[in-house]
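Q: The structure follows.
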Amino acid sequence: MGHPVLRTKARALSPADVRTAELQTLIDDMIDTMVEYRGVGLAAPQVHEGIRLFVGDLGARDEEDADAEPMVLINPEISPVGPEMVEDWEGCLSIPDIRGKVPRYRDIRLRALNRKGERIEMRAKNFSARIIQHETDHLDGVLFFDRMNGFESLTFLEEYSRYWAKREDDEEA
Ligand code: ZN
């Protein structure tokens, strides 16, 4: 937090950009970084690349496919399916050891390119939808603080683990 790239709108990639060896290497490095830091998502601006790309562990919690490979999503466009918002805890690799409650759409539709530069469409709910909204925000220079209804739930990780994690049944604590 504090690096200007995290507050800058990232640029879109063409399918030809996506297929370059340079970009494929960046994607592999981002997946390695996400796994190393035990994150569930990582957007390119978090590694100081101002492009519309993120990786996400979208089978992480509430989907059946818990062993799925991390997904690579490029130029994502989100449309909410219905108005329902859910408030739940989030953290961010760019804001270490802080948690806060953030409202997000429960159910979304997503259009994007995959790492082959092909158009894909998918639907995501609950925790996967939360990751996608958090990461897509990074591509627009938005951090999770900006989405909070208030700062009352802002919590250091130590206090989160002590007072909130069990009650909220959060696996990541
Ligand atoms: Zn983040």
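The values are calculated or read from the model by the stated rules, or taken from the named source; none is laboratory data. Everything quoted here is computed from the prediction, not taken from an experiment. Quick reminder, even Gly has a Cβ in these numbers, built from the backbone with ideal geometry, and neighbours come from all protein chains shown. When the accessible area is computed, the model is the full protein with side chains, heavy atoms only, and any ligands, DNA or RNA have been set aside. Shrake-Rupley method; radii C 1.70, N 1.55, O 1.52, S 1.80 Å.
Q: Restricting the search to the stretch 110-164, which residues are within 14 Å of the ligand (Cβ to nearest atom), crowded, with 16+ Cβ neighbours inside 10 Å and of a type outside the set (A, V, I, L, M)?
A: Selection gives Arg130, Gln133, His134, Glu135, Thr136, Asp137, His138, Gly141, Phe144, Arg147.
Q: State which residue is modelled with the highest pLDDT when the search covers only the stretch 49-58 and only residues that are in a loop (DSSP other than H, G, I, E, B), away from the ligand (no atom under 14 Å from the Cβ) and crowded, with 19+ Cβ neighbours inside 10 Å.
A: Arg52
Q: Would you call Arg106 basic (Lys, Arg), at pLDDT 95 or above, under 15 Å from the mean Cα position of the chain (by Cα) and buried (at least 22 other Cβ atoms within 10 Å of the Cβ)?
A: On the way: basic (Lys, Arg): yes; at pLDDT 95 or above: yes; under 15 Å from the mean Cα position of the chain (by Cα): yes; buried (at least 22 other Cβ atoms within 10 Å of the Cβ): no.
Answer is no for this residue.
Q: Using beta carbons and a limit of 8 Å, which pairs, at least six apart or on different chains, have the first residue in the stretch 133-156 and in a helix (DSSP H, G or I) and the second one open to solvent by 20 Å² or more (accessible area, probe 1.4 Å) and among the polar types (S, T, N, Q)?
A: Partner pairs satisfying both residue conditions: His138/Gln46.
Q: Report the residue count in the stretch 99-109 for those that are away from the ligand (no atom under 11 Å from the Cβ) and either closer than 22 Å to Thr33 by Cα or among the aliphatic types (A, V, I, L, M) (or both).
A: Residues of the stretch 99-109 that are away from the ligand (no atom under 11 Å from the Cβ), as a first pass: 99-101, 103-109.
Right, trim to either closer than 22 Å to Thr33 by Cα or among the aliphatic types (A, V, I, L, M) (or both) and you get 99, 108.
Residues in the stretch 99-109 being away from the ligand (no atom under 11 Å from the Cβ) and either closer than 22 Å to Thr33 by Cα or among the aliphatic types (A, V, I, L, M) (or both): 2 in total.
Q: Does the stretch 85-93 contain at least one residue that is part of a strand (DSSP E or B), of a type in the set (A, V, I, L, M, F, W, C) and within 12 Å of the ligand (Cβ to nearest atom)?
A: yes
Q: Right, next: So the check is Cβ under 9 Å with 6+ separation or different chains; which pairs have a first residue in the stretch 88-111 that's at positive phi and a second one that's in a strand (DSSP E or B)?
A: Within 9 Å, the pairs are Asp97/Gly91; Asp97/Phe156.
Q: Filter the stretch 1-48 for residues that are under 15 Å from the mean Cα position of the chain (by Cα), not basic (Lys, Arg) and not in a helix (DSSP H, G or I) and give the result.
A: Correct list: Ala10, Tyr37, Gly39, Val40, Gly41, Leu42, Ala43.
Q: In the set Pro80, Pro70, which member is without any contact (Cβ under 8 Å) to a residue 40 or more places away in the chain and either more than 16 Å from the ligand (Cβ to nearest atom) or open to solvent by 50 Å² or more (accessible area, probe 1.4 Å) (or both)?
A: Values: Pro70 fails: either more than 16 Å from the ligand (Cβ to nearest atom) or open to solvent by 50 Å² or more (accessible area, probe 1.4 Å) (or both).
Sole residue among the options that is without any contact (Cβ under 8 Å) to a residue 40 or more places away in the chain and either more than 16 Å from the ligand (Cβ to nearest atom) or open to solvent by 50 Å² or more (accessible area, probe 1.4 Å) (or both): Pro80.
Q: For the stretch 114-140, which positions are in contact with a Lys or Arg (Cβ under 6 Å, 6 or more places away or on another chain) and closer than 21 Å to Leu23 by Cα?
A: Correct list: Gly117, Leu139, Asp140.
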